[in-house]
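Heads up: the structure comes next, in structure tokens.
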Amino acid sequence: MRATKMIALAAMVAVLAGAGVAGAADWQKLGGKTIAFKDEASTITIETKSAPVGEVKLKVSGTWVRFTNLTLSFSDGSSQVIADRIDVEPGLTSDPIAIEGGPKTLTSVEITCESANAARGGRATIALLGA
């Protein structure tokens with residue numbers, strides 16, 4: 001009887017674990033750029049242009065980055081501007097940013113950012129992720 005309960009519990013845990021994985025977004029790297037902080041806009045060219053994405057994230061390494069403006073450009077000629085300040089620590093990603101109007105194919109992303117830690121300055125590598 002006890003063995004039957006253990007098998008049932010193990011099966012339930014396996015089903016729940018599988019459901020959690022299936023519900024997770026499948027993030028892929030769309031492009032990236034290494035920047036030096038010079039108060040100028042930079043453009044991330046999209047390397048993976050074949051699939052539309054419904055949301056994007058920014059992953060940062062190097063130094064802490066404060067994004068002050070993002071302009072997402074799409075293959076249909078439309079664009080989306082995100083003017084909210086987004087701070088991302090090195091090794092972490094931003095919260096997902098939803099694409100207005102549903103999934104679209106990105107062609108480029110123009111970013112304006114600064115070092116969120118004025119004493120460090122330096123460089124940062126930014127990866128654009130999409131799902």
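Any read-out appearing in this document is the output of simple, stated calculations on the displayed coordinates, not a laboratory observation. Just so you know, these numbers come straight off a predicted model, no measurement behind them. For neighbour counting, all protein chains shown are included, and Cβ atoms are generated from backbone atoms with ideal geometry for every residue, glycine included.
Below is a table of values for the structure above.
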| read-out | value |
| --- | --- |
| Local net charge near residue 47, Cβ-Cβ under 13 Å (Lys/Arg +1, Asp/Glu -1) | +3 |
| Net length gained if the chain between residue 47 and residue 83 were fully extended (0.36 nm per residue, minus Cα distance) | 10.6 nm |
| For residue 107, distant residues with modelled amide H under 5 Å away | 73, 74, 75 |
| Residue 66 versus residue 123: modelled label distance in nm, points set 7 Å from Cα along the beta carbon direction | 2.3 |
| Aspartates and glutamates with Cα under 17 Å of residue 59, excluding same-chain neighbours fewer than 8 positions away | 26, 47, 84, 87, 89, 95, 110, 114 |
